[in-house]
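Every number in this text was worked out from the coordinates using simple rules, so none of it is lab data. In this text the structure is predicted, and so the values were computed from the model without any measurement. Heads up, the Cβs are rebuilt from the backbone with ideal geometry, glycines too, and the neighbour counts pull from every protein chain shown.
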Amino acid sequence: MNLKTKITTIAAASLFALSLGTSALAQSTGKVNQEITENRDPGALSASLDQTSTLNTFKFSLDDGQSNGVLVLNVTDSRGTSAGWNVTLNSTDFNQKTGTNGQPIRASGFKLKDGGSLTAIKGSADGIQSGQSGATFESAKSVLRSPNGKGTGIYKKELNVELAIPGGQAVGTYQADVTVNIAAAPGQ
């Protein structure tokens, strides 16, 4: 056997051995699934105001005036659906709690001055929208909403509000009940 034949034989044997080695290494692919289910626990979608908010003190006047303040709204969406939501507020009239002879201050004069700041504690604030400035709370008005595909997280929203005080309003402390509702649907 000459050198050329030996090299050809060794090369052929090496290729044959290599082909045997790779055919012994079979490859297969499997799939791994992970299902994440919707969180239906109470509180998975919730909205609330800090328990007590106080508007700025208003000094008695015979002229109509306004008192401003901030309501702090807390929203949690941990459902995992990114289906959107809409938060509304409505208020009763402000009734006198201390003092005497005070007529109710009408909820029709209690309004959203502007949207205020939004803080995303967890999640992204991208796409979340404030309600319309000037909306009055004698009936439910949207103050914060998330479109479909957004809003999963925990948020804190400062709502700048204003209360119209009629001229000659009796001295005292007035209080209203503010109801917060959240609907599991994108805001309109």
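Each residue of the stretch 165-178 was assigned a 3J(HN,Hα) from its phi angle through the Karplus curve 6.51 cos²θ - 1.76 cosθ + 1.60 (θ = phi - 60°); the sequence is 9, x, x, x, 4, 4, 5, x, 9, 10, 9, 10, 9, 10 Hz, with glycine and proline shown as x.
Toward the positive end of the charge dipole of the stretch 51-178, with +1 on the Cβ of Lys and Arg and -1 on the Cβ of Asp and Glu, the farthest Cα among Gly168, Ala125, Asn90 is that of Ala125.
Taking a ≥ b ≥ c as the square roots of the eigenvalues of the Cα gyration tensor of the stretch 45-183, is the shape rounded (a/c under 1.5), prolate (a/b larger than b/c) or oblate?
Because a/c hits 1.5 or more and a/b exceeds b/c, the stretch 45-183 counts as prolate.
Each residue of the stretch 50-66 was assigned a 3J(HN,Hα) from its phi angle through the Karplus expression (A = 6.51, B = -1.76, C = 1.60, θ = phi - 60°), giving 3, 3, 10, 10, 10, 7, 4, 5, 10, 7, 3, 8, 7, 9, 4, x, 9 Hz with x at Gly and Pro. Pairs of Lys residues in the stretch 45-183 that lie 8 or more places apart, or on two chains, and have C-alpha atoms under 16 angstrom apart add up to 8.
The HN-Hα couplings worked out from phi for the stretch 137-148 by the Karplus form 6.51 cos²θ - 1.76 cosθ + 1.60 (θ = phi - 60°) are 9, 5, 9, 4, 10, 5, 10, 7, 8, 10, x, 4 Hz, whole numbers, x standing for Gly and Pro.
Only Lys, Arg, Asp and Glu carry charge here, each on its Cβ (+1 for the first two, -1 for the last two); on that basis the stretch 45-183 has a dipole of about 320 debye about its Cα centre.
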